[in-house]
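Following: one structure in structure tokens, then a few remarks.
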Amino acid sequence: MTTATQQRTSTDDAQAQEHFDALIAQDSRIEPTDWMPAAYRKTLTRQISQHAHSEIIGMQPEANWITRAPSLKRKAILMAKVQDEAGHGLYLYSAAETLGTGRDELVDQLLSGKAKYSSIFNYPARTWADIGAIGWLVDGAAIANQVPLCRASYAPYGRAMVRICKEESFHQRQGWEILYELANGTPEQKQMAQEAINRFYGPALQMFGPPDEDSPNSQQSMEWKIKRFSNDELRQRFVDMIVPQAEGLGLHFEDPDLKWNEERGHYDYGQLDWDEFKSVIKGEGPCNVQRMQRRRQAFNDGAWVREAAAAYADRQRPAATRLTA
Ligand SMILES: [Fe+2]
Ligand SMILES: [Fe+2]
């Protein structure tokens, strides 16, 4: 590169950065065709693809209960919910692809174990009540996390989140309703509901990520207006939301430190087990190995569908541009 070209490039970059900063400052949206800093693109590619992977892996603990749902109505609702999660994965892979990384590569990162997904999906759904707890607490935490993402500065991500959040509200509601029925059923059913929320309370609170002081990348994401609230702010908002909902169910959380703090105007809650969180992220959770085996198998089993779709798409092209005769 000549010196003159270098100078022109650096002036162009400085102007582009200035334009980007101005768009962020005025709460405007960044579109795929806009210039963006390489680190912004990388952060978003990682975040959106991890989010997509979580939706896809997250189908497993619930799909496992479709054949065992206690009634035809419950089966139909659960099937619709699990299908929604597949749809969420697809919107999000599409949003991630607009940043320039192809879906094959993103999927490969998941299958090779290079990419992470939300650690909550490495916990098993042991009883039917767990399906209620997952819908109410896991989808509930997802909503608390995702509603602010509807305003994320990267437009395709924000647009995907608007649609996803509408469906998540239904997911949370159906989970709460499963628990409501159990909590108002026999003493054994109520006990099963209580045990399910005991299992999911801690892991659901951990879905917001580590405490703010251990989350060094959050600040940059806030400055870029990808993230609007810190991990601890969102976690607090979630706790404040679920405590009265648990009371509505006639159930409780087994956290001795959980109590209303008049001065703060929020519920206080106990320390979470961050060692457990780290070990699940490292791959030592109860279902990490099983989830990845199942995903790889599903990917391999679906090879013929991808081949057939590619062959069909090729046949739709004009003869001169076809790959196969
Ligand atoms: Fe979802
Ligand atoms: Fe959901």
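The values are calculated or read from the model by the stated rules, or taken from the named source; none is laboratory data. Small disclaimer: the values here were computed from a predicted structure and weren't measured. Don't worry about glycine lacking a Cβ; one is built from the backbone with ideal geometry, like all the others, and counts go over all protein chains shown. When the accessible area is computed, the model is the full protein with side chains, heavy atoms only, and any ligands, DNA or RNA have been set aside. Shrake-Rupley method; radii C 1.70, N 1.55, O 1.52, S 1.80 Å.
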Pull up the range 149-166, narrow it to residues that are surrounded by 16 or more Cβ atoms within 10 Å (Cβ to Cβ) and either outside any helix (DSSP H, G or I) or among the charged types (D, E, K, R) (or both), then point me to the one that is nearest to ligand 1 (Cβ to nearest atom). Ala152
Please go through the range 135-147 and give me each residue that is assigned to a helix (DSSP H, G or I) and either open to solvent by 10 Å² or more (accessible area, probe 1.4 Å) or near ligand 2 (Cβ under 9 Å from one of its atoms) (or both), ordered by number. Gly135, Val138, Asp139, Ala142, Ile143, Ala144, Asn145, Gln146
If you go through the range 306-324 one residue at a time, do you hit one that is in contact (Cβ under 8 Å) with a residue 40 or more places away in the chain, under 24 Å from Gly58 (Cα atoms) and open to solvent by 60 Å² or more (accessible area, probe 1.4 Å)? no
Could we say that Asp130 is crowded, with 24+ Cβ neighbours inside 10 Å, among the charged types (D, E, K, R) and within 20 Å of Gly209 (Cβ to Cβ) here? no
Can you tell me which condition Phe238 does not meet? The list is (1) touching a helix residue (DSSP H, G or I) at 6+ places or on another chain (Cβ under 9 Å); (2) away from ligand 2 (no atom under 16 Å from the Cβ); (3) not charged (D, E, K, R), and all the others hold. (2)
If you take the residues of the range 157-184 that are away from ligand 2 (no atom under 14 Å from the Cβ) and without any contact (Cβ under 8 Å) to a residue 60 or more places away in the chain, which of them is farthest from Glu195 (Cα to Cα)? Val162
Restricting to the range 249-269, name every residue that is touching a residue at least 60 places away in the same chain (Cβ under 8 Å) and either open to solvent by 20 Å² or more (accessible area, probe 1.4 Å) or part of a helix (DSSP H, G or I) (or both). Leu249, Gly250, Tyr269
The range 270-284: number of residues that are under 18 Å from Pro256 (Cα atoms) and either open to solvent by less than 70 Å² (accessible area, probe 1.4 Å) or in contact (Cβ under 8 Å) with a residue 40 or more places away in the chain (or both): 4
Filter the range 175-219 for residues that are of a type in the set (A, V, I, L, M, F, W, C) and open to solvent by less than 50 Å² (accessible area, probe 1.4 Å) and give the result. Ile178, Leu179, Leu182, Ala183, Ala193, Ala196, Ile197, Phe200, Ala204, Leu205, Met207, Phe208
Considering each residue of the range 111-120, count those that are under 13 Å from Val138 (Cα atoms) and open to solvent by 30 Å² or more (accessible area, probe 1.4 Å), and give that number. 1
Here the residues within the range 167-177 that are of a type in the set (Asp, Glu) and within 15 Å of ligand 1 (Cβ to nearest atom) are Glu167, Glu168
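Here's the yes/no breakdown for (1) at pLDDT 95 or above; (2) open to solvent by 50 Å² or more (accessible area, probe 1.4 Å):
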{"site": "Asp27", "(1), (2)": "no, yes"}
{"site": "Glu31", "(1), (2)": "yes, yes"}
{"site": "Ala39", "(1), (2)": "yes, yes"}
{"site": "Ile48", "(1), (2)": "yes, no"}
{"site": "Ser54", "(1), (2)": "yes, no"}
{"site": "Pro61", "(1), (2)": "yes, no"}
{"site": "Ala69", "(1), (2)": "yes, no"}
